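Since the structure comes first, as structure tokens, the remarks are kept for the end.
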Amino acid sequence: MSSMQTVSHGSVFFSLVNRDIKLAWSQGGGSLLAIGFFFIAVSLFPFGIGPEPQVLARIAPGVIWVVALLSSVVSLDRLYQADYEDGSLDDLALSPLGMLGVATAKVLAHWFSTTLPLALAAPALGILLNLPDNAYGPLVASLLIGTPALSLIGSVGAALTVAVRRGGVLMFLLILPLYVPTLIFGVGAVDAAVTMTDPLPHLALLGATTLIAFVVGLFASVAALNLAME
Amino acid sequence: MHRFANPAQFNRLADVVLPWAIGLTVLLSVAGLYYALFSSPPDYQQGESVRVMYVHVPAAWMGMFVYMVMAAASFTALVWRHPLALLAGKAAAPIGAIFTALALITGMLWGKPMWGTYWVWDGRLTSVLVQFFLYLGYMALWQAMEDEEKAGRAASILALVGVVNIPIIKFSVDWWSTLHQPASVMRLDGPTIDGAMLVPLFLMAAAYQAYFVVVFLWRMKLEINNRKLSVMRQASLQNTETQMEVAG
């Protein structure tokens, strides 16, 4: 019994992470959709604002970060809902992981499958928007540090609206205000590089935001999920 | 605390407090507005526009204060399952949203002649705007679910998460030294504005506080009566059902 339990904690956790990543990347999963949305939405800006390279370079950090936030929310509405609707969330919560383990695994899977690829795809969009050469490092660094916060904070919104039919739009209203600090420090780091100042303080504050999101986000998600399961 | 969990007892307490609170609101508003509009000096830099401050600053304080009331009610509701705490949060939210909106609008009206623009994306303005959105999200979540109890507790979780925004509002003027002026009243080394301006400011702040108590108690009584009504309606529905069963 005891040997089974020591095996089960880690392996259940990682098989859940693995399953969620596979689901996110399979047909009908959210990840490709979110990344497609990321590309299309960013490439709309040159049409709307005009193709002047200087203007695009000036708005590039903000546009990429804002659209990354939106792409993250787009992919979040099924984070818990699919498992909630077919009842597997009940089973998962009774597994040795408990609800906290389940939420952690699902957030980790969401980060790895959806928001982390946004960070990796961002340089390609930087090229499209004429981002200055020295800003690519801070852009990727800020997204690498900030995207866990996007998944963590997004998880709270997804958990709060899990029992709400058509909760997707409501989720935008709940999550986006909470994304603001992440956005400010993330863009601040890239802008600092564009204007030739030190991006490090912004990155440090961004890291602090992510750590706060880690603590608050997981516990609030668990509370919201437990509430929905009652 | 559970002494006030009994709605009837709460209603009795509210009925005792309400006349006093209404009287205080009227008295303090009249005195505060008189001092604010007639009996205080114009600012040496801002001229007469400084009088917007007497409406704006208390509204901003109340926006934050009501949020903390809402958060405390949410905490009480989630941890102790206090039956009236959920309703207290629900009753407080729209009032706080209105105070926040008032702070934003009066600030914009003051900003146009003083800063030359209605709006800047400065740390203080942005974090107060976020607070306004958090109020909207809280109210939207209450509306989103059929089960009132669950809706209220979900909204309570959101309210508690949103508390991280409060210190951001308070310290935004120190962290980002931008257009909005830093604190001049709530300072460790004492207020830096003139006494002639502090009197109307505090009178108005007290008037807003009394006004909040009035509207809050009204809304609490309304929510309690609504709850009673729905219970009665359900009971009468069940009665008719059993009667029909007997008849059938």
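Please indicate, with yes or no, whether at least one residue in the stretch A:97-111 is more than 17 Å from the chain's Cα centre (by Cα) and at pLDDT below 90.
Yes: the stretch A:97-111 contains one or more residues that are more than 17 Å from the chain's Cα centre (by Cα) and at pLDDT below 90.
From A:Leu116, A:Leu79, grab the single residue that is of a type outside the set (S, T, N, Q) and closer than 30 Å to A:Leu56 by Cβ.
That would be A:Leu116, the only listed residue that is of a type outside the set (S, T, N, Q) and closer than 30 Å to A:Leu56 by Cβ.
Looking only at residues in the stretch A:147-194 that are over 19 Å from A:Ala122 (Cβ atoms) and of a type in the set (Ser, Thr, Tyr), which one is surrounded by the fewest Cβ atoms within 10 Å (Cβ to Cβ)?
Ranking the qualifying residues of the stretch A:147-194, first place goes to A:Ser155.
Go through the stretch B:66-100 residue by residue and tally those that are without any contact (Cβ under 8 Å) to a residue 40 or more places away in the chain, of a type outside the set (A, V, I, L, M) and part of a helix (DSSP H, G or I).
So the answer is 1.
Show me the helices (runs of 4 or more DSSP H) entirely contained within the stretch A:113-230 in which 3 or more residues are at the interface with chain B (Cβ under 10 Å from one of its Cβ atoms) and on the phi < 0 side of the Ramachandran plot.
A:136-160, A:168-194, A:200-229
Could you tell me which of the residues B:Thr126, B:Thr100 is modelled with pLDDT of 90 or more and either hydrophobic (A, V, I, L, M, F, W, C) or out of contact with any strand residue (DSSP E or B) (no Cβ under 7 Å at 6 or more places or on another chain) (or both)?
B:Thr100
Working only within the stretch B:116-172, note down all residues that are more than 7 Å from chain A (Cβ to nearest Cβ), surrounded by fewer than 23 Cβ atoms within 10 Å (Cβ to Cβ), aromatic (Phe, Trp, Tyr) and part of a helix (DSSP H, G or I).
Once the filter is applied, which keeps residues that are more than 7 Å from chain A (Cβ to nearest Cβ), surrounded by fewer than 23 Cβ atoms within 10 Å (Cβ to Cβ), aromatic (Phe, Trp, Tyr) and part of a helix (DSSP H, G or I), the stretch B:116-172 yields B:Phe132, B:Trp142, B:Phe171.
To keep it simple, each residue is scored yes or no on (1) loosely packed, with under 14 Cβ neighbours inside 10 Å; (2) under 30 Å from B:Gly162 (Cα atoms).
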| site | (1), (2) |
| --- | --- |
| B:Asp15 | yes, no |
| B:Ala21 | no, yes |
| B:Val30 | yes, no |
| B:Tyr34 | yes, no |
| B:Ser40 | no, no |
| B:Gln45 | yes, no |
| B:Val55 | no, yes |
| B:Ala59 | no, yes |
| B:Met64 | no, yes |
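Among the residues of the stretch B:69-81, are any more than 14 Å from chain A (Cβ to nearest Cβ), closer than 30 Å to A:Arg166 by Cβ and not basic (Lys, Arg)?
Yes.
The values are calculated or read from the model by the stated rules, or taken from the named source; none is laboratory data. Worth saying up front: this structure is predicted, and the values here are computed from it rather than measured. For neighbour counting, all protein chains shown are included, and Cβ atoms are generated from backbone atoms with ideal geometry for every residue, glycine included.
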